[in-house]
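Contents: one structure, followed by commentary.
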Amino acid sequence: MARTLLVVDDLSDWNPYYPSDQVITFESYLATGQDESEQRMRIINLCSSYRYLSDGYYCSLLAEARGHHVIPSVKTLNDLGKKALYRLQLEDLSQTLARAFKTTDKHNEITLMSYFGTTPDPAFQELARLLFERFSCPILEMTLRYRQDKFSKKVWRKGRARKAARFDLAILINPEEQLPPSNRGAIKKFIKIGREMGIEIELISQQHYVRLPEFDGLFIRETTNIDHHTYRFAKKAEAEGLVVIDDPTSMLRCTNKVYLADLFRTHKVPTPKTWLLHKGNTAHLDRVEAEAGFPVVIKIPDGSFSRGIVKVNDRKELELKVEELFQKSALLLAQEFLYTDFDWRIGVFNNKALYACRYYMVKNHWQIYRHGASRVDSGSFATLPTFEVPKAVLDAALKATLPIGNGLYGVDVKEKDGKGYVIEVNDNPNIDSGIEDKYLGDELYRLIMAELLRRMENRSKGV
């Protein structure tokens, strides 16, 4: 039988009403050991805030990484946080709303509270149940406004011009991005090879959101983040039934290093020793100092391109840096410092290794990127065939992507003493002309386009 836990901020707020050993704090849940994470467990997240990177957000995030059934899910938290996201799941509720308003004398604006899908007003019970099915949140506040719509309810969309191509693929880019995941040469290759394979490709940017239903697939070649339009594009495309790379689930799982750390621990993926730091808990700093020593690496959960990652050399520096980084997130990661001359990057698509690169550290620096006031330096690289990658590195990379999904990922792995240690998994890895394609050439783009084509063909067949 599954065990149910209610997670709250402070037990003193809860004990007068329902004292129980099933009620625990987020701090206690954070400390849950490996043995308990393997049990069947239901988590009801009742933290006071669900905002991005708060304790409540991390409670749901860690529960999913540990394989626990949790409400609300991270997907629900992100969907409810943006009107553009939750509206995608409300478009077919007009008849339910009409029935509810017919049976009530309230005709302007009303506010309802839903508790686990139930509401005190019976006229809106059906609506509360449907909303709970779509947004499984313990408590929901709903504001409803009744308007007479005099316009046609038919959704008008621009028809697609008939083309010789079998499928239409949109590639989302940001022409102003300084460090895009694909340079211009790579984008040209994707377009050229895609068209050779019967895929009509169009470059789109943020302003083309409403045009997504015109396409069969969306390929995101802009740096992704959850609190960002790239996630909204992925969600909209998914709701419209498009093939999406990067898909929203992969974004949720890859863009947060705290999630990945707990996921890797749960699935026994080899990684450097890692500790979670909770804001205000100095005992966590004591543990890191005692178990890791110095230097140690501190990371914000959603940094990219080596940003938000610092190396500290003593306790004073540790305290100063975590205080600064805790302004951005309720949780941070501490990781043992493993110096290597280079990091492996293994490109994986549909759980198959496509390419391998060695990214070397910047001269006189410990990372592959060094961010200066006016410029960004990067180290050199070497691209190899995957059959020349050490087996331990390749095995670690593939093991890391299996619990995430079957998307396109870039797995960063350090090789030390014949072992591979996964640092992170990126959901939109760099594919640049002249770097990642150095060994395979056009074949790399052909492999990626072939997989996208296969998925669009399956979609058209209803598979």
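The values are calculated or read from the model by the stated rules, or taken from the named source; none is laboratory data. Quick caveat: nothing in here was measured; it's all calculated off a predicted structure. Every residue, glycine among them, receives a Cβ derived from its backbone with ideal geometry; neighbour counts consider all protein chains shown. Ligands, DNA and RNA are excluded from the accessible area calculation, which covers all protein heavy atoms including side chains. Shrake-Rupley method; radii C 1.70, N 1.55, O 1.52, S 1.80 Å.
Miscellaneous remarks
- Scanning segment 303-335 for residues that are more than 22 Å from His365 (Cβ to Cβ), in contact with a Lys or Arg (Cβ under 9 Å, 6 or more places away or on another chain) and part of a loop (DSSP other than H, G, I, E, B) returns Phe326, Ser329, Ala330.
- Tabulated pairs, segment 325-339, first free of Cβ contacts under 8 Å to residues at least 40 places away in the same chain, second of a type in the set (A, V, I, L, M, F, W, C) and crowded, with 21+ Cβ neighbours inside 10 Å, C-beta under 6 angstrom, 6+ apart or interchain: Leu325/Ile300; Leu325/Leu332
- Residue tally, condition in a loop (DSSP other than H, G, I, E, B), open to solvent by 40 Å² or more (accessible area, probe 1.4 Å) and at pLDDT below 95, over segment 424-463: 2
- Inclusion of Glu176 among residues that are free of Cβ contacts under 8 Å to residues at least 24 places away in the same chain, part of a loop (DSSP other than H, G, I, E, B) and open to solvent by 10 Å² or more (accessible area, probe 1.4 Å) is warranted.
- Selection from segment 404-423 of residues that are open to solvent by 30 Å² or more (accessible area, probe 1.4 Å) and touching a residue at least 24 places away in the same chain (Cβ under 8 Å): Asn406, Glu415, Lys416, Gly418, Lys419, Tyr421, Ile423
- When residues in segment 229-261 are screened for being of a type in the set (D, E, K, R), open to solvent by 10 Å² or more (accessible area, probe 1.4 Å) and within 23 Å of Ser329 (Cβ to Cβ), 4 of them pass.
- Condition met for Ala186 (at pLDDT 95 or above and part of a helix (DSSP H, G or I)): yes
- Matching residues, segment 384-418, being assigned to a strand (DSSP E or B) and under 27 Å from the mean Cα position of the chain (by Cα): Leu408, Tyr409, Gly410, Val411, Asp412, Val413, Lys414, Glu415
- Residue, surrounded by the most Cβ atoms within 10 Å (Cβ to Cβ), within segment 54-97, restricted to residues that are of a type in the set (Asp, Glu) and touching a helix residue (DSSP H, G or I) at 6+ places or on another chain (Cβ under 8 Å): Asp55
- Evaluated against (1) open to solvent by less than 30 Å² (accessible area, probe 1.4 Å); (2) modelled with pLDDT under 95; (3) basic (Lys, Arg), Arg345 falls short on exactly one condition, (2).
- Considering segment 1-53, the residues that are of a type in the set (A, V, I, L, M) and open to solvent by 70 Å² or more (accessible area, probe 1.4 Å) include one that is modelled with the lowest pLDDT, namely Met1.
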